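Presented below is the structure to which this report refers.
The values are calculated or read from the model by the stated rules, or taken from the named source; none is laboratory data. Keep in mind that what you see is a predicted model, and the values were worked out from it rather than measured. When we count neighbours, we look across all protein chains shown, and the Cβ atoms used for this are built from the backbone with ideal geometry, even at glycine. Each accessible area value is taken on the protein alone, full model and side chains, heavy atoms only, with ligands, DNA and RNA left out. Shrake-Rupley method; radii C 1.70, N 1.55, O 1.52, S 1.80 Å.
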Amino acid sequence: MAEAPLVPGTVAEHTICLLIKLGQVAFRIAEDGIGATGLRVRHYSVLQALADNGAMPQLALGSFLRIDPATMVTSLDDLERTGYAERTRDPQDRRRYAVNITAEGRKVLADLNRTLVDLDGEVLADLGITERDSLHALLGSLAGSPTLTSLFDAVREQNVARRA
């Protein structure tokens with residue numbers, strides 16, 4: 001008997017169901033792949049955002065990455081403990097913290113990026129180069145989609161309002 005696909009049967013007729021399951025699979029593979037560093041995907045996202053944008057206020061960083069404040073605090077605590085990021089008082093507003101990546105954070109980020117490139121190759125091994133490039137372009141378009149962004153932000157705001 002052949003193995004069942006990751007999204008079996010008519011469930012796979014729904015693009016959103018394919019995205020959900022494949023996202024879960026990719027997340028677990030990525031978490032496992034970078035796990036030896038003691039970091040998680042959310043830590044990688046924070047470090048990469050800091051490397052890309054420079055020091056940022058903690059609240060702005062959380063908003064930029066769409067990470068809720070509690071998870072952001074925990075993630076930054078972890079990154080500070082490992083010496084990969086640091087929080088300092090924002091000189092423009094002493095009530096806020098500015099977050100920056102450290103030299104050690106840049107080193108581990110380079111390792112994480114190499115690992116993620118390798119994982120891309122493994123996860124997408126059954127696709128040709130053209131298919132990989134097309135998939136990346138399509139996913140990039142979705143990630144930057146004003147419609148999808150708006151839908152997601154509205155759902156997040158509703159969930160925050162329900163918890164309040």
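For the range 7-25, which positions are free of Cβ contacts under 8 Å to residues at least 12 places away in the same chain, over 20 Å from Val41 (Cβ atoms) and β-branched (Val, Ile, Thr)?
Within the range 7-25, Thr10, Val11, Thr15, Ile16 meet the criteria.
State which residue pairs qualify: first residue without any contact (Cβ under 8 Å) to a residue 40 or more places away in the chain and inside the range 131-152, second residue not in a helix (DSSP H, G or I) in any location, beta carbons under 7 Å apart, and separation of 6 or more residues or different chains.
That search, which allows pairs on different chains as well, returns Arg132/Leu124; Leu135/Leu127.
Against the condition in a helix (DSSP H, G or I), out of contact with any Lys or Arg (no Cβ under 8 Å at 6 or more places or on another chain) and without any contact (Cβ under 8 Å) to a residue 12 or more places away in the chain, how does Ser63 come out, does it pass?
Here the answer is yes, as Ser63 does meet what is asked.
Being in contact (Cβ under 8 Å) with a residue 12 or more places away in the chain, within 19 Å of the chain's Cα centre (by Cα) and open to solvent by 80 Å² or more (accessible area, probe 1.4 Å) narrows it down to one of Glu122, Glu104, Glu86, so name that one.
Every option except Glu122 fails the conditions.
Could you tell me which numbered condition Asp52 fails, if it satisfies all but one of (1) open to solvent by 30 Å² or more (accessible area, probe 1.4 Å); (2) free of Cβ contacts under 8 Å to residues at least 12 places away in the same chain; (3) touching a helix residue (DSSP H, G or I) at 6+ places or on another chain (Cβ under 8 Å)?
If we test Asp52 against (1) open to solvent by 30 Å² or more (accessible area, probe 1.4 Å); (2) free of Cβ contacts under 8 Å to residues at least 12 places away in the same chain; (3) touching a helix residue (DSSP H, G or I) at 6+ places or on another chain (Cβ under 8 Å), just (3) comes out false.
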